[in-house]
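The values are calculated or read from the model by the stated rules, or taken from the named source; none is laboratory data. Bear in mind the structure is a predicted one, so any value in this text is a computation, not a measurement. Using ideal geometry, Cβ is built from the backbone for each residue, glycine included, and neighbour counts are taken over all protein chains shown. Each accessible area value is taken on the protein alone, full model and side chains, heavy atoms only, with ligands, DNA and RNA left out. Shrake-Rupley method; radii C 1.70, N 1.55, O 1.52, S 1.80 Å.
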There are 2 protein chains.
Amino acid sequence: MQAGQIAVDVPTVTVQDSVARALRLMALSRLPGLIVVDGRGRPRTVLPGTQVLRLAVPGSYQEDAALARTIDEAHADLFWEELGSLTVGDCLVREMARPASVGLDATLLEVAALMARQRSPLVAVVDGTGGLFGAITLERLLGKLALLAPDV
Amino acid sequence: MQAGQIAVDVPTVTVQDSVARALRLMALSRLPGLIVVDGRGRPRTVLPGTQVLRLAVPGSYQEDAALARTIDEAHADLFWEELGSLTVGDCLVREMARPASVGLDATLLEVAALMARQRSPLVAVVDGTGGLFGAITLERLLGKLALLAPDV
């Protein structure tokens, strides 16, 4: 089985989209992450869900658990209302390394190894021109592997 | 809103469980990760889904994408059949640092910051004795945050 055969369509975001839109899109689509595409629809990066969430957590609370604990419950419930017009691009600097992507003919082992290595439960599948063909989620990969080896 | 109010029951594994069982459990429960508990039901570690998957990917393929590419499709489909009797404990050494866990009274901001920091879409919620009370998934957290701030 090849990546192109199990890839599915997923909604994407661009660096111009607001962080709030990205979070809402991920929640509504029940996706474990988001693919950030450029103007030509090619994956620029693939963000694991926790790192989409990170875009919404004010920097000072990300690294300092004690500081996060000082915020009272009522304000803590609404932390992401403070996002305002912050965009995905504003928050993305550290994540722009290499997108977690594979070609159409990648094997399921290659997809699994990439997910494990990049700690990304979402992998972009690109065609020969680098355009986004689809995506594979960890859940979908596990489902396919379970079907192929039903006795495991 | 506090962690104890949105935590849900999830199945857990121990270090004695087979990796095959852990993968199956995660696939069937549609969980984004697994909590590994000790003999007294206290979280030893929380494994993000990609790191449960990593337990099943032979070490040499994890780091070397070119090597994974040399395996033909038929064999790549079945890589996790080779797990045999390997247990979660056999594979866990590097992951035993600190479990991604919070107390019952942690705020949603604390949960979000922990998920982002530890790159874990699953967080264990523990009671005053360190026992496992429940778990919060990234999907559940996003759902609750969206309800609290419906206009974002």
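Key figures
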item	result
Positive dipole terminus of the protein assembly as shown, leading residue within A:Ala3, B:Pro58, A:Leu122 (C-beta point charges)	B:Pro58
Between segment B:1-16 and segment B:77-135, the alpha-carbon center distance in angstrom	10 Å
Accessible area of chain B belonging to carbon and sulfur atoms, whole % at 1.4 Å probe	50 percent
Test item: B:27-35 mean partner chain Cβ contacts at 10 Å	3
Relative contact order for chain B, counting Cα pairs under 8 Å that sit 6 or more residues apart, in percent	33 percent
Shielding by other protein chains, A:71-79, mean Cβ within 10 Å	6
Rounded to the nearest 20 debye, dipole of segment B:1-71 from Cβ charges on Lys, Arg, Asp, Glu	120 debye
Nearest 10 degrees, 0 to 90: helix B:19-29 Cα axis against chain B principal axis	50 degrees
Chain B: calculated mean residue ellipticity at 222 nm from DSSP helix runs of at least 4, using -39500 (n - 2.57)	-10000 deg cm²/dmol
Assigned charges on the beta-carbon of Lys, Arg, Asp, Glu; the protein assembly as shown dipole about Cα centre (debye)	120 debye
B:Arg98-A:Leu147 FRET efficiency (beta carbon distance; Förster radius 35 Å; 0.05 resolution)	0.45
Rounded to 5, percent antiparallel among DSSP beta bridges of chain B	75 percent
Averaged over A:100-110, number of beta-carbon atoms from partner chains that fall within 10 Å	5
Size of electric dipole in segment B:1-150: Cβ of Lys, Arg +1 and of Asp, Glu -1, about Cα centre, debye, nearest 20	500 debye
Between 0 and 90°, nearest 10: helix A:108-118 axis offset from chain A longest Cα axis	20 degrees
In degrees, nearest ten, helix A:138-148 long axis to first principal axis of chain A (Cα)	30 degrees
Positive-end residue, chain A charge dipole about Cα centroid, Cβ charges, pick of A:Val37, A:Gly84, A:Leu148	A:Leu148
